[in-house]
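Chemist: A single structure is presented below for examination.
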Amino acid sequence: QVRLVESGGGLVQAGGSLRLSCTASGSLFNWPGIGWYRQAPSEQREWVARITTTDIPNYADTVKGRFTISSDNAKNTVYLEMNSLKPEDTAVYYCNVLARVGGTWYPQERWGQGTQVSVSS
């Protein structure tokens, strides 16, 4: 399995922006998809955004229009640009490689350490 490393988190005020980065021990782009997820305190991990070889980027409704996922193959890095941040975006953010089974995208079982994003009101 691929070892993932997330970075770029921090503390920002509401309305601010952050750019998260995701890189890996192997090539991220050997996989058909890469996703960003987040987990808030006392909450389950939830999917945020996805970029794949077959579809346009996809976003959870809660972040659509504010977050943008992109990739740089030469740098083996996937980014999550987050704008107009809200306090409810506060969470640990994770990336993961994805495989598609039927019509559903699944992350690998191994997760990185994540990067903390905190948004103050």
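The values are calculated or read from the model by the stated rules, or taken from the named source; none is laboratory data. Bear in mind that the values here come from a model prediction, so they are computed numbers and not experimental data. Don't worry about glycine lacking a Cβ; one is built from the backbone with ideal geometry, like all the others, and counts go over all protein chains shown. In case anyone asks, the SASA skips ligands and DNA or RNA and just uses the protein heavy atoms, side chains included. Shrake-Rupley method; radii C 1.70, N 1.55, O 1.52, S 1.80 Å.
Chemist: Please find, among 88, 81, 43, the residue that is surrounded by 14 or more Cβ atoms within 10 Å (Cβ to Cβ) and among the acidic types (Asp, Glu). I'd like the intermediate steps shown before the answer.
Modeler: Details: 88 fails: surrounded by 14 or more Cβ atoms within 10 Å (Cβ to Cβ); 43 fails: surrounded by 14 or more Cβ atoms within 10 Å (Cβ to Cβ).
Of 88, 81, 43, the one residue that is surrounded by 14 or more Cβ atoms within 10 Å (Cβ to Cβ) and among the acidic types (Asp, Glu) is 81.
Chemist: Also: So which pairs qualify, if the first residue must be in segment 93-121 and free of Cβ contacts under 8 Å to residues at least 60 places away in the same chain, the second must be open to solvent by 10 Å² or more (accessible area, probe 1.4 Å), the Cβ gap must be under 6 Å, and the two must be at least 6 apart or on different chains?
Modeler: 106/99
Chemist: Across segment 58-88, what is the number of residues that are over 12 Å from the mean Cα position of the chain (by Cα) and over 18 Å from residue 27 (Cβ atoms)? Full working, then the answer.
Modeler: As a first pass, look at segment 58-88 and keep what is over 12 Å from the mean Cα position of the chain (by Cα): 61-62, 64-66, 72-76, 83-88.
Filter once more, so that each one left must be over 18 Å from residue 27 (Cβ atoms): 61-62, 64-66, 83-88.
Qualifying residue count for the region: 11.
Chemist: Oh, and also: Just to be sure I understand the filter: pairs with C-beta atoms under 6 Å, separated by 6 or more residues or on different chains, first member in segment 24-37 and in a loop (DSSP other than H, G, I, E, B), second member open to solvent by 50 Å² or more (accessible area, probe 1.4 Å) and among the β-branched types (Val, Ile, Thr). Which pairs pass?
Modeler: Pairs found: 32/53.
Chemist: Do we have any residue at all in segment 79-87 that's modelled with pLDDT of 95 or more, polar (S, T, N, Q), in contact with a strand residue (DSSP E or B) (Cβ under 7 Å, 6 or more places away or on another chain) and outside any strand (DSSP E or B)?
Modeler: The initial filter retains those residues of segment 79-87 that are modelled with pLDDT of 95 or more, namely 79-87.
Within this subset, residues satisfying the condition of being polar (S, T, N, Q) are 83-84.
Narrowing the set further to residues that are in contact with a strand residue (DSSP E or B) (Cβ under 7 Å, 6 or more places away or on another chain) leaves none.
No, there is no match, as no residue in segment 79-87 is modelled with pLDDT of 95 or more, polar (S, T, N, Q), in contact with a strand residue (DSSP E or B) (Cβ under 7 Å, 6 or more places away or on another chain) and outside any strand (DSSP E or B).
Chemist: Another question, if that's okay. If you take the residues in segment 24-40 that are under 17 Å from residue 62 (Cβ atoms) and under 13 Å from the mean Cα position of the chain (by Cα), which one is most open to solvent (accessible area, probe 1.4 Å)?
Modeler: Going residue by residue through segment 24-40, those that are under 17 Å from residue 62 (Cβ atoms) are 35-40.
After this cut, where a residue has to be under 13 Å from the mean Cα position of the chain (by Cα) as well, the list is 35-39.
Details: 35: 0, 36: 0, 37: 24, 38: 15, 39: 61 Å².
Per the criteria, the residue is 39.
Chemist: A follow-up question, please. Give the residues of segment 27-73 that are hydrophobic (A, V, I, L, M, F, W, C) and at pLDDT below 95, sorted by residue number. Step through it out loud before you land on a result.
Modeler: Initial filter on segment 27-73 (hydrophobic (A, V, I, L, M, F, W, C)): 28-29, 31, 34, 36, 40, 47-49, 51, 56, 60, 63, 67, 69.
If the condition is that a residue be hydrophobic (A, V, I, L, M, F, W, C) and at pLDDT below 95, then 28, 29, 31, 56 are the ones that fit.
Chemist: Among what's in segment 1-23 and is more than 19 Å from residue 66 (Cα to Cα) and not hydroxyl-bearing (Ser, Thr, Tyr), pick the residue that is nearest to the chain's Cα centre (by Cα).
Modeler: 6
Chemist: Here's another thing I want to ask about it. Would you pick out the residues in segment 46-69 that are without any contact (Cβ under 8 Å) to a residue 40 or more places away in the chain and open to solvent by less than 50 Å² (accessible area, probe 1.4 Å)?
Modeler: If the condition is that a residue be without any contact (Cβ under 8 Å) to a residue 40 or more places away in the chain and open to solvent by less than 50 Å² (accessible area, probe 1.4 Å), then 49, 51, 59, 60, 63, 66, 67, 69 are the ones that fit.
Chemist: Still on this structure: Counting just the residues of segment 107-121 that are of a type in the set (Ser, Thr, Tyr) and assigned to a strand (DSSP E or B), which one comes out least open to solvent (accessible area, probe 1.4 Å)? Even if it seems obvious, please write down each step before you answer.
Modeler: Applying the first criterion (of a type in the set (Ser, Thr, Tyr)) to segment 107-121 yields 115, 118, 120-121.
Next, only the ones that are assigned to a strand (DSSP E or B) stay: 115, 118, 120.
Values: 115: 16, 118: 34, 120: 43 Å².
Only one residue fits best here, namely 115.
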